[in-house]
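Comments concern the structure below.
The values are calculated or read from the model by the stated rules, or taken from the named source; none is laboratory data. Please read these numbers as outputs of a predicted model, since none were measured by experiment. Cβ: placed from backbone, ideal geometry, glycine included. Neighbour counts: every protein chain shown.
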Amino acid sequence: MRQQVRAFAAGNWGEPAGMVHLGEVAPSYRVPGRRDDGTVKGKKLIRRFFWNITRGVFGVIANIFALANGGGAGNVFSRSGTVSGAEGSQAVRFVDAARPAKSAWLVYAASYVAVIDSGSDVRDPKNIPPLIVLWHAGQPHIPRVMRGVATWADGSEFRYVPTPEEAQRAAQERRDRLHGP
């Protein structure tokens, strides 16, 4: 899938790109007016109340089931990464656009940054969904992407946690771009 995403980005924006597979984008929000899960404070309170009860009951059941089946002491409520900035900041808009992705890729180069959804991580070679651009920005609105942090000029940032394999691959790609393969 990595090569398909790379070819798609090069075909659309005309240059090779660095990329990180983000998977599901579900960070904690550190944004005034937003809850930790990114929903807007003060909206849909009754629905939110019942959702929290339902989520709590099923979350406890899922955690117990995972623990009983050797899954370890995980937490289905945990979030990976953080987004911080003012409401409407560039990082918040970026993450809001990326959240619906089933399998997000952060693709970046000197002149652009994009989030591409490759669909489900489970692949049936006969039914590969088309790649979808969820968010794209060109100069001068691109963030600086380095070692798990995308930082925008307005001071907002998205901190993501790549898998160890992704972190190693991104570091190798960075070395290759700087020094050649």
Report summary line: Within region 86-132, residues more than 19 Å from Tyr160 (Cα to Cα) and assigned to a strand (DSSP E or B) come out as Ile132
Report task. Test each condition in (1) out of contact with any Lys or Arg (no Cβ under 9 Å at 6 or more places or on another chain); (2) assigned to a helix (DSSP H, G or I) for Ala171 and report the one that comes out false. Result -> (1)
Requested in this report: Filter region 137-153 for residues that are of a type outside the set (Gly, Ala, Ser), closer than 22 Å to Ala26 by Cα and either in contact with a Pro (Cβ under 6 Å, 6 or more places away or on another chain) or assigned to a loop (DSSP other than H, G, I, E, B) (or both) and give the result.
Outcome: Ile142, Pro143, Arg147, Thr151, Trp152
Query - Unique match (being over 18 Å from Tyr112 (Cα atoms) and touching a strand residue (DSSP E or B) at 6+ places or on another chain (Cβ under 6 Å)) among Arg159, Arg169, Arg175, Arg144 - result: Arg159
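Look at Pro27 and say whether it is at pLDDT below 70, under 19 Å from Arg144 (Cα atoms) and not acidic (Asp, Glu).
So Pro27 fails the test.
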